Amino acid sequence: SGLGQEYARYIARTHPEIDRFYFIARREERLEALKRELHRDAVILPLDLTQDESYAAISAQFRKDKPEIRLLICNAGYGKYGAFASIPLEEQYGMVDLNCRALTAVTQIALPYMQKGGAIVEVCSIAAFVPTPNMSVYSSTKAYVFSLSKALRCELKSRGVNVLAVCPCPMDTEFLSIAGIAEKKTSFNHLPRIQPELVVRKSVERALKGKAVYTGKV
């Protein structure tokens, strides 16, 4: 949904050399609808990326298909707004599992299939730069993603694979309502909004040009 869907649409429209997509998310009906919309060859993997068996399923699919990956977009993630002590522990674990563990696992699983000249887009957040009260775990997970992206970029230079950390301001996607901050008077809501379409276009362009970070600037 949201930004991930926009990435699929943009890449399908602008990169005809990419002849197959792998859509990985929980809601199979949305993935199937996106496949029909794009009229492109796509493998649907309806998986919950907080579960270890999902990583095994992705690994098995890649071993079978041996894809030559041009672009890897790691976009799955979520946040919850509230005081650290008030958010249920399973929600805190969920943010860490999806934002950190899943991103780490999928990135590592895909690495053997990444092609020279290709790129990994790790969707981070402007929250990576500033510890954020009432979103303390979320901002900490994004600091992890930012650090991993910068370090991995150095490691993969010799292979000709770039890693870009995308760190935009808030976007009008499902994230705000799911996080519980859409109607809250928070510092988060004082930040300028940025359009998902712009983030997608500029981040893909910069990733393939070998840039390290995109913060949402035009």
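Every number in this text was worked out from the coordinates using simple rules, so none of it is lab data. Quick caveat, the model's predicted, so the values are computed rather than measured. Using ideal geometry, Cβ is built from the backbone for each residue, glycine included, and neighbour counts are taken over all protein chains shown.
Observations, loosely collected:
- Between 93, 55, 22, the residue with the greatest mean-square fluctuation in the GNM of the chain (Cα pairs under 10 Å linked by springs) is 93.
- Most tightly packed first, judged by the mean number of other beta-carbon atoms within 10 Å of their residues, the peptides 56-67, 204-215 read 204-215, 56-67.
- Separation of alpha-carbon centers, region 111-164 and region 58-92, rounded to whole Å: 13
- Geometric descriptor of region 49-139, per residue, is 82 Å³ (volume of the convex hull of the Cα atoms).
- Charge dipole (debye, nearest 20) of the chain; +1 at Cβ of Lys and Arg, -1 at Cβ of Asp and Glu: 880
- Computed over the chain: relative contact order in percent, which uses C-alpha pairs under 8 Å that are six or more apart: 20
- Contour excess over end-to-end distance, with Cα ends at residue 41 and residue 212 and 0.36 nm allotted per residue: 58.6 nm
- Residue (of 92, 131, 67) at the positive-pole extreme of region 52-175, dipole from beta-carbon charges: 67
- Of the DSSP H helices in the chain, those whose Cα atoms cover at least 24 Å axially and whose Kyte score averages 0.5 or more: none
- Region 3-67 shape via C-alpha gyration tensor axes, a/c threshold 1.5: oblate
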